[in-house]
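Step one of this worksheet: look at the structure below.
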Amino acid sequence: MGAIGAVILAAGMSRRMGQPKLLLPFLGKPLFRYSVDAAIQAGLQPVVIVGGSRMEELLRHVADCADIEGIENKDYQSGMASSLQAGLQAVKGRADAAIVFLADQPLVAPVVINEIVRHYNLHRHEGIRIVRPEYQGRPGHPVLFDADLFAELEHIRGDEGGKSILIKHRSLLHVVPFANEQWGMDIDTPDDLRKLEKIAYAAGGEDGPK
């Protein structure tokens, strides 16, 4: 089994939050830090954070983590695609695949990442090149892309992320179902932040963020 890297997309503009949401505190840690910790705990390597204008501030919040790489995407305002491409370029040639995280989803449980990796290793010999979770039937993140698809992902634009590749290559996609829809929730508004904090606090244990 080869290495699997992590690309953490942390360059969002947070228009609906009115401030940089990924730096907002969520149960004592900056929101984006949960994705970083999840990647580290899963043993993914390399771990690459792609940020925008607040890159230096993001890196200060992971100064205690070894082997974290930060990339400033100066074109982040053009959309998610440019950040994804910057992250994959950093992973290219160093890993067989990359798991792409959205940094505003703090409730993704360790079992999600572990199962994505397990299913990829089980099914890659069958031609599977994409693994994504579904939370109660709803497609979600993080999503694994095999390095075979990195070149195609270089051609996406705007905020589509990897959606067009997922549609084009349905036959290469393997879905891992999970019953807990809360694991796939993201934060776009102050209300979302408060809601997910309540959920995380109530869940605690292995279901809550660490």
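Every number in this text was worked out from the coordinates using simple rules, so none of it is lab data. Note that the coordinates shown come from a computational prediction; the quantities given were computed from them, not determined experimentally. Every residue, glycine among them, receives a Cβ derived from its backbone with ideal geometry; neighbour counts consider all protein chains shown.
Quick notes
- Extension gain for the segment Glu126 to Leu27, taken as residue separation times 0.36 nm less the Cα-Cα distance, is 31.5 nm to one decimal.
- Gaussian network model of the chain, Cα within-10 Å springs - most flexible of Ile40, Ile199, Ile130: Ile199
- Summing +1 for each Lys or Arg and -1 for each Asp or Glu among the other residues whose beta-carbon sits under 13 angstrom from that of Ser53 gives -2.
- Binned Cα-Cα distances of segment 55-149, short to long, each 10 Å bin given as a whole percent: 13, 40, 37, 9, 0
- Direction-averaged projected area, Cα convex hull, segment 1-98: 6.3 nm², rounded to one decimal.
- Dividing the mean sequence gap of close Cα pairs (under 8 Å, 6+ apart) by how many residues the chain holds gives a relative contact order of 24 percent.
- Pairs of lysines in the chain whose Cα atoms sit within less than 19 Å of one another amount to 10, provided the residues are eight or more positions apart or on different chains.
- Note on Asp191 and Cys65: the model spin-label points, each 7 Å out from Cα along the C-beta direction, lie 3.1 nm apart.
- Working note: Cα gyration tensor of segment 115-210, eigenvalues times five, square-rooted, sorted largest first, giving semi-axes of 28, 18, 10 Å.
- Rg over Rh [alpha-carbon atoms, Kirkwood Rh] for the chain: 0.93
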